Every structure is written in C-alpha cells, then in structure tokens.
Amino acid sequence: MRGVALWFFASAIVYVMAGMMFGIWMAASHDHGLAPAHGHLNLIGWVTMALFGIYYHLVPSAAESRLATLHFAIATLGVWLIVPGITLAIRGTTEILAILGAFTTLTSMVLFLVIVLRNQRPALA
Ligand code: HEM
Ligand code: HEM
C-alpha cells in the first residue's frame, strides 16, 4: 500500500486509536454523554477512511488521479470538523461546526462516487 491509499489507511488507524482512547475515557469516567462524537470518530474516521484506503489500494488508477488527493483533503477536513462539531452541539455551544462537518463529509462521499464511476473496469479486466 502506498500513496493516497496509505494516507487514508494510516490516518484511519490514528483515528481509531484516538476513538478507542475516547471510549476508554468515557467508560472510565462513567460519562457517556459524548458517545455520538466517539461513535462518529470511529465510524467516519476509522471505518469510512479505511474503506476509502482499501478501495484506492485495489484500484491504483483511481489513486493516481488528482481527484483522489482532493478526496483525501475533503474527507480529512470532514472528520476534523464533524467530531468536534458533534461535541460542541451536544454541549449546546454551537451546531455550526457539526453542520459544516456533515456537509463536508457528504461532499467527500459524492466525490468518491464520481471517482468510483470514473474508474470502472470491465468485469474480467
Ligand atoms: C477501546 C475501544 C472502545 C471503547 C472502550 C468504547 C467505548 C464506548 C462507550 C463507553 C460507549 C457508550 C455506550 C453507551 O452509552 O451505551 C460507546 C458507544 C459507541 N461506540 Fe465505542 N468504544 C470503543 C471502540 C469503538 C469502535 C472501534 C467503534 C466503531 C468502529 C465504536 C462505535 C461506537 C458507537 C457507534 C457507539 C454509540 C454512539 C451513539 O450512541 O451515538 N466504538 N463506545
Ligand atoms: C455526514 C455524516 C453523518 C452524519 C451527519 C450523521 C449523523 C448522525 C446523528 C444526528 C445521529 C444521532 C445521534 C444521537 O442519537 O445523539 C447518528 C447516529 C449514528 N450514526 Fe451517524 N451520521 C453520519 C455518518 C455516519 C456513518 C458514516 C456511519 C457508519 C459508518 C454512522 C453511524 C451511526 C450510528 C451507528 C449511530 C447510532 C445509532 C443509534 O444510536 O441507534 N453515521 N448519526
């Protein structure tokens, strides 16, 4: 694994380590109030980013395109906005960061669909 595939996969591992520490902190403190922030750090940061990494590893032509680098930047920004955003929304501070994070994450997924469709191969190729 290398290039964009590695960036996605390595950052996913960093996110799940952070998510696990977050989970352990919640369990230890008996305060599960931020569970949705923990859940989405793991589900968007780990599961989704790791799936992107595996896809780019399997489809090198997609990984080599400039769109893939843009996809990594937008997906990363999404994680960095939505996780603190959910935390601030739960705390009642502001919802704006969560909203921005949600639409950034959605944009990254739309871009991913475009990339997947542009890199189709005949079934036996
Ligand atoms: C060391 C590892 C982890 C620990 C200690 C941990 C701990 C926790 C705790 C204490 C809660 C709150 C449960 C409740 O209030 O009912 C929780 C919720 C949750 N966790 Fe984890 N977790 C870990 C890893 C993960 C991973 C790897 C994922 C996903 C891939 C995950 C996904 C979730 C989800 C989706 C929720 C529910 C969020 C919600 O209620 O909105 N967790 N976790
Ligand atoms: C733009 C991206 C996303 C947004 C805005 C979003 C939003 C939400 C919201 C508002 C909730 C309810 C939280 C609560 O009950 O306090 C939720 C729960 C949840 N989301 Fe997401 N989500 C997103 C992406 C994802 C993804 C990619 C996954 C899985 C890979 C996921 C899995 C879950 C799960 C497992 C729960 C908890 C369901 C439960 O407690 O029954 N979400 N999400």
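The values are calculated or read from the model by the stated rules, or taken from the named source; none is laboratory data. Everything numeric here is computed off the predicted structure, so don't read it as measured data. Every residue, glycine among them, receives a Cβ derived from its backbone with ideal geometry; neighbour counts consider all protein chains shown. Please note that ligands, DNA and RNA were not included when accessible areas were found on the heavy atoms of the full protein model with its side chains. Shrake-Rupley method; radii C 1.70, N 1.55, O 1.52, S 1.80 Å.
Summary table
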{"quantity": "Condition met for ILE54 (more than 20 Å from ASN119 (Cα to Cα) and either within 11 Å of ligand 2 (Cβ to nearest atom) or of a type in the set (A, V, I, L, M) (or both))", "calculated": "no"}
{"quantity": "All positions within the range 35-62 that are open to solvent by less than 80 Å² (accessible area, probe 1.4 Å) and within 6 Å of ligand 1 (Cβ to nearest atom)", "calculated": "ALA35, PRO36, HIS38, GLY39, ASN42, VAL47"}
{"quantity": "Flag if THR76 is touching a residue at least 60 places away in the same chain (Cβ under 8 Å), near ligand 2 (Cβ under 9 Å from one of its atoms) and of a type in the set (S, T, N, Q)", "calculated": "no"}
{"quantity": "Residues located in the range 1-34, provided they are over 15 Å from the mean Cα position of the chain (by Cα), open to solvent by less than 40 Å² (accessible area, probe 1.4 Å) and free of Cβ contacts under 8 Å to residues at least 40 places away in the same chain", "calculated": "PHE22, GLY23, MET26"}
{"quantity": "Residue that is farthest from GLY3 (Cα to Cα), among those in the range 63-94 that are within 16 Å of ligand 1 (Cβ to nearest atom) and open to solvent by 50 Å² or more (accessible area, probe 1.4 Å)", "calculated": "ARG91"}
